[in-house]
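Reviewing the structure listed below.
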Amino acid sequence: MIRFTRFPFLVLLLASSVGLHATLAEDARLGDQTSGDTRDFATAEFWETLDGKPVTDSWEFAEGEVRLVQPRGGNGSLVSGPLPPNFELSWEWKIDEKTNTGLKYRVRRFGKKLFSNNYLGIEYQIIDDKPTSLAKGSTASIYDLVAPENEKVLHPAGQWNQSRVVASGHRLEHYLNGQLVAAARTTGPSWDKTIALSKFYGSQDFGSPKPGDRIMLTDHGGKAVYRKFQFTAIDATPADLETPISTGPFLGNAMRNSWADQDSIVIWTRTTARPEFVADGKAFVSVSRNNARKLADENDADKLLRVQLPEGAELSEMLGACPGASGRVRLIYFPGKQRDALKTTEWITTKPESDFTAQWKLEGLKPDTQYAAIIEAQSLDRDEPAAVVRGAFRTAPKVNARRDVKFCITTCHDFIRRDDGMKGHKIYPTMTKMQPDFVVHAGDIEYYDKPDPWAMTIELMRFKWGRIFALPSNRDFYSHTTSYFLKDDHDTLKNDCWAGQTYGSVSFEQGVQLFNEEQFPTLNPRYTSVRWGRDLEVWFLEGRDYRSPNSMPDGPEKTILGNEQKAWLFKTLDESTAKFKVICSPTPVVGPDRANKKDNHANEIFAHEGDEIRAKLATIDNVIVLCGDRHWQYASFDSEADLWEFGCGPGSEEHELGWKPGDERPQHRFLRVAGGFLSGELQYTGQEKEPRLTFRHHKVDGEAVSEFVFPVK
């Protein structure tokens, strides 16, 4: 018998036998009801199976017992109608040898499919094991989350055991034969870490009480018998409903990565004073472009900050602020679902002189493997989690692997011209759905030399990085996607910048250091190529660190790439055996570009090196250039060099500019002056499984607006 107390509406619930296909709204409504009814739950009418088949296909209901007599390896699990989420539940059970079963509670659908079997919940594990078993999958554990604390009083297979669950607010307790075996609180950083390391990662608010929660009897293999259920709805105490208040540090910028190859990657994070940015902060003082030009000659960092802040305001109060805070961080990572193979790094203490950032270079990774990455933050004076985030990354496939590959490239972002409100940029949820193996951000990730604020100090530059990567869509995408970050002028110092220049109180050299070593995963030198399988090799170029001044007369000595990088590029291209050789450049090589521009290889003032590069690329088959920098999408073909170039266009609908729609030049094969991104897809097609590389321009919502297939036939 199961006894219910304080269940308004429960009689109606049982009489109507609410099924698995009740809407979520109905679940929530019924879950709020209570009544004083007492009802025998050892009946087939109370349950339904996950696959919609009759419950009597697997279960028998007789003599007050619920018997799993025909195990179906999960398909025969039983689920109840909606029940109150705060309760005490006791029951008795016995199992056959080698049986694996359990009782789940706070069960609900996770995911977006309404009519699916994606029911998950906290499980009171029941399995044929020993009293000394203290694993997270042993009897009376909170399955996969909390192991028993001590040896248990456990009767062997074939004998009856008595269990009890207390679920009150965020407090969970599992009892076995009168003994408290496992306990947890379903909120706070410690719980976040527990979930992050479990199979339930990604299930929002897993374990927390929700109206419409259910109970499940699981069928995981082996016969089981249940009886003497007693369910009592309770009111959670205020203490059980409390969420512990963390004082930080937090991980408001989560994590990002770069430079992945077959066996290594660099992971970055930053400890923050807040879990999220300041969404209701103050606006910066408006400074006109003309006045900003005058301010750029100042070198007093305090003045450059104060003139842009409202009177009496601090930078931490401004819209989008995500200030840093000292703490310590460590990284936990493991391949796929192999949590038993996890590795944990040493703690790193974050410091203000590096904007509270930390990095790890991971080596010895497996090729073509999806990894989970979990970052834990602690305060400097407490040995317990203060914040936890989980992300992911993928390593490149082996160099001889014939594997399909999908990737995206974007450019030209900033906070003030985002196109999805306080979520960030629309392209990120779009690209998430496409599930690229990697993404390239080809530079101009933020704009120091744009207003609100004009970032003419190190402090303001750091402010802009913290702000744009605290936008939820941007932050979450880069936390879960293998990425390659290139640098261009606006995120180095200012428009068309080069060594020796300053912008307010910041030198070019400081801007380079800030990007290369602090705000992004580090690589030295900051150019490389990565083989993504047998037929795709990708080159990532550095376009600022080695360049000559724009004002220098053009000739053999004038360079963007620098002699060493250029020699490396030519040599590695010659040596590559990949079918397709894709060069990712922060700036154009082919163009065409605007007549007034002066900082890339499509401009006359870098014509000598531009001609040299194009002439070299003309000698190599299937070289394709992908570039950032330009605020329009294009595909261009240089017939003399037999060279294709694709401009990905700005990553925002609010950032398209610089080219007149319809102004198609002889090089153009596609032109669209609008925001979006570019995708590339390597596939093996036909009976011969020949490699084919397809490029598509997309709108910000993902709609493809162009398609180019290589090799060109």
Failed condition for Glu459, given (1) open to solvent by 10 Å² or more (accessible area, probe 1.4 Å); (2) under 25 Å from the mean Cα position of the chain (by Cα); (3) over 25 Å from Phe695 (Cβ atoms): (2)
Residue that is nearest to the chain's Cα centre (by Cα) [pool: residues in region 671-713 that are open to solvent by 30 Å² or more (accessible area, probe 1.4 Å) and at positive phi]: Lys689
Search result, residues across region 233-244 that are touching a strand residue (DSSP E or B) at 6+ places or on another chain (Cβ under 7 Å) and surrounded by fewer than 16 Cβ atoms within 10 Å (Cβ to Cβ): Thr237
Subset of region 418-456 that is of a type in the set (D, E, K, R) and touching a strand residue (DSSP E or B) at 6+ places or on another chain (Cβ under 8 Å) - its residue that is least open to solvent (accessible area, probe 1.4 Å): Asp444
Residues being open to solvent by 20 Å² or more (accessible area, probe 1.4 Å) and either under 20 Å from Ser507 (Cβ atoms) or assigned to a helix (DSSP H, G or I) (or both) - total across region 303-314: 2
Residue match in region 188-211 (condition: of a type in the set (Asp, Glu), in contact with a strand residue (DSSP E or B) (Cβ under 6 Å, 6 or more places away or on another chain) and open to solvent by less than 30 Å² (accessible area, probe 1.4 Å)): no
Filtered residues of region 546-586 (kept if within 18 Å of Arg531 (Cα to Cα), exposed (fewer than 12 other Cβ atoms within 10 Å of the Cβ) and among the hydroxyl-bearing types (Ser, Thr, Tyr)): Thr577
Count - residues of region 531-583 that are in a helix (DSSP H, G or I) and of a type outside the set (Ser, Thr, Tyr): 12
Residue in region 629-640 that is under 21 Å from Ala499 (Cβ atoms), open to solvent by less than 20 Å² (accessible area, probe 1.4 Å) and assigned to a loop (DSSP other than H, G, I, E, B) present: yes
Number of the condition not met by Asp340 [criteria: (1) charged (D, E, K, R); (2) at pLDDT 95 or above; (3) not in a loop (DSSP other than H, G, I, E, B)]: (2)
Failed item in (1) part of a helix (DSSP H, G or I); (2) over 28 Å from Ala704 (Cα atoms); (3) among the aromatic types (Phe, Trp, Tyr), with Phe477 passing the rest: (2)
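Ala341 - would you say it is open to solvent by 20 Å² or more (accessible area, probe 1.4 Å), small (Gly, Ala, Ser), without any contact (Cβ under 8 Å) to a residue 60 or more places away in the chain and in contact with a helix residue (DSSP H, G or I) (Cβ under 8 Å, 6 or more places away or on another chain)? Break it down stepwise before answering.
Working: open to solvent by 20 Å² or more (accessible area, probe 1.4 Å): yes; small (Gly, Ala, Ser): yes; without any contact (Cβ under 8 Å) to a residue 60 or more places away in the chain: yes; in contact with a helix residue (DSSP H, G or I) (Cβ under 8 Å, 6 or more places away or on another chain): no.
No; evaluated as a whole, the condition is false for this residue.
If we scan region 290-302, do we find a residue that is crowded, with 16+ Cβ neighbours inside 10 Å and of a type in the set (D, E, K, R)?
Scanning region 290-302 turns up no residue that is crowded, with 16+ Cβ neighbours inside 10 Å and of a type in the set (D, E, K, R).
The values are calculated or read from the model by the stated rules, or taken from the named source; none is laboratory data. All values derive from a computational prediction rather than experimental measurement. When we count neighbours, we look across all protein chains shown, and the Cβ atoms used for this are built from the backbone with ideal geometry, even at glycine. The accessibility values were calculated without ligands, DNA or RNA, using every heavy atom of the protein model including side chains. Shrake-Rupley method; radii C 1.70, N 1.55, O 1.52, S 1.80 Å.
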